[in-house]
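The values are calculated or read from the model by the stated rules, or taken from the named source; none is laboratory data. Note that the structure is a prediction, hence the values are computed from the model and not measured. In this analysis, Cβ positions are derived from the backbone assuming ideal geometry, glycine residues included, and neighbour counts consider all displayed protein chains.
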Amino acid sequence: MEIKPEIKMVVTDLDGTLLDGNGKITPDSIEVIKLIKSSDLHFGIASGRSIKVIERMAEEYKISEYIDFIIGTNGVEISEEGILEYSEYNYLEREIILEIYNRFCEYDATFIVHDKDVIITNKENKYTEMEKYMNNYRQEVRADFKDAIIKNHPRLMIVGEPDKLREIELEMEKEDENKYHFFKSYIYFLEVVTKNISKGSMLLKYCAHKGIDPLKVMALGDNNNDLEMIKNTGYGIAMGNATEDLKKSARHITGTNNEGGFAQAVRHYILGN
């Protein structure tokens with residue numbers, strides 16, 4: 001098939017997009033990733049998971065050689081061809097973490113920060129277990145959560161039931177000028193990162209580095225942490241299981257992650273079938 005010349009790069013979210021409902025990359029998606037690279041296009045993964053976790057998964061599925069770059073921790077870090085850009089300057093400041101915790105600690109929610117392969121949380125529950133399991137991290141429960149925050153961290157996660165997280169979101173939205181960027185990465189996860197940090201902002205930096213017009217980039221995602229990435233690219237594709245906000249901002253809506261939506265979109269826009 002003739003490749004559409006206007007697309008130079010494909011970047012995809014992981015959970016809910018490239019991964020199916022069982023957290024697996026299907027053989028069909030692996031074949032499509034190989035087709036992207038054989039078409040001499042750049043291919044990358046942009047996820048809320050850390051780069052090390054994504055690299056382990058890539059090795060498991062034997063697709064490492066087909067990945068040009070990885071954007072991890074929702075834009076905090078980037079790895080190009082295996083070279084990690086150590087991005088502590090992108091970390092959320094300790095003072096902001098404490099400010100948010102003090103403001104919302106009375107709400108029925110749980111707080112998490114990451115320190116390498118450990119999650120530090122104020123209490124253990126099914127949501128912290130979910131985050132620990134997804135990343136294969138260890139967990140440290142600190143009832144004195146404030147005392148555990150002695151440095152900057154990549155992000156702050158507030159986890160809990162969707163209606164409780166929505167209450168916190170609404171309070172955050174009331175601020176005239178936020179000192180941070182916040183978004184839902186999953187229905188049970190509200191994440192806070194440094195202001196102006198996102199998958200989309202890091203993707204724009206990578207495009208500038210490579211001399212690739214963002215209008216010639218195809219980006220796929222399913223949740224609101226993909227919003228800037230979808231808006232900032234010429235071919236923003238929402239999965240069929242995406243949030244309504246993401247679907248409204250997308251150029252096209254493909255199938256769900258359980259219907260092979262990633263492979264469908266790539267074959268349609270790049271391979272022309």
Fill in the blank from the handout: Here the residues within segment 12-35 that are buried (at least 16 other Cβ atoms within 10 Å of the Cβ), part of a loop (DSSP other than H, G, I, E, B) and not hydroxyl-bearing (Ser, Thr, Tyr) are Asp13, Leu19, Asp20, Ile25
Problem - Selected residue (criterion: surrounded by the most Cβ atoms within 10 Å (Cβ to Cβ)) from residues of segment 102-120 that are acidic (Asp, Glu) and without any contact (Cβ under 8 Å) to a residue 40 or more places away in the chain - result: Asp115
Practice task
Collect the residues in segment 163-190 that are exposed (fewer than 13 other Cβ atoms within 10 Å of the Cβ), in contact (Cβ under 8 Å) with a residue 24 or more places away in the chain and not in a loop (DSSP other than H, G, I, E, B), keeping them in residue-number order.
Solution key: Glu171
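Each row is one residue, and each column tells you yes or no for (1) of a type in the set (A, V, I, L, M); (2) at pLDDT 95 or above.
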position: Glu140; (1), (2): no, yes
position: Phe145; (1), (2): no, yes
position: Ile149; (1), (2): yes, yes
position: Met157; (1), (2): yes, yes
position: Asp176; (1), (2): no, no
Exercise for the section: For residues that are among the hydrophobic types (A, V, I, L, M, F, W, C) and surrounded by fewer than 19 Cβ atoms within 10 Å (Cβ to Cβ), scanning just segment 235-271, find the one that is farthest from the chain's Cα centre (by Cα). Expected result: Leu271
Fill in the blank from the handout: Per the list (1) under 24 Å from Met229 (Cβ atoms); (2) in contact (Cβ under 8 Å) with a residue 12 or more places away in the chain; (3) part of a loop (DSSP other than H, G, I, E, B), residue check on Lys123 breaks on (1)
Handout entry: Identity of the residue in segment 191-234, within 17 Å of the chain's Cα centre (by Cα) and in a loop (DSSP other than H, G, I, E, B), that ends up surrounded by the fewest Cβ atoms within 10 Å (Cβ to Cβ)
Key = Asn196
Fill in the blank from the handout: Among (1) out of contact with any strand residue (DSSP E or B) (no Cβ under 6 Å at 6 or more places or on another chain); (2) assigned to a helix (DSSP H, G or I), Thr256 falls short only on (2)
Practice task
Could you tell me which residue of segment 71-92 is surrounded by the most Cβ atoms within 10 Å (Cβ to Cβ), considering only residues that are assigned to a strand (DSSP E or B) and at pLDDT 70 or above?
Solution key: Ile71
Practice task
Take Ser38 and decide whether it is at pLDDT below 95 and either crowded, with 19+ Cβ neighbours inside 10 Å or farther than 22 Å from Asn224 by Cβ (or both).
Solution key: yes
Exercise for the section: Return yes when Gly44 is among the small types (Gly, Ala, Ser), at pLDDT 95 or above and assigned to a helix (DSSP H, G or I) and no when it is not. Expected result: no
Completion exercise
Those residues of segment 50-60 which are in contact with a helix residue (DSSP H, G or I) (Cβ under 6 Å, 6 or more places away or on another chain) and either free of Cβ contacts under 8 Å to residues at least 60 places away in the same chain or not in a helix (DSSP H, G or I) (or both) amount to Ser50, Ala58
Problem - Those residues of segment 253-273 which are modelled with pLDDT of 95 or more and more than 23 Å from Lys24 (Cα to Cα), in sequence order - result: none
Practice task
Please name all residue pairs, on different chains or six or more residues apart, with Cβ atoms under 7 Å, provided the first residue is in segment 4-15 and is farther than 12 Å from Leu215 by Cα and among the charged types (D, E, K, R) and the second residue is modelled with pLDDT under 95 and in a loop (DSSP other than H, G, I, E, B).
Solution key: Lys4/Gly272
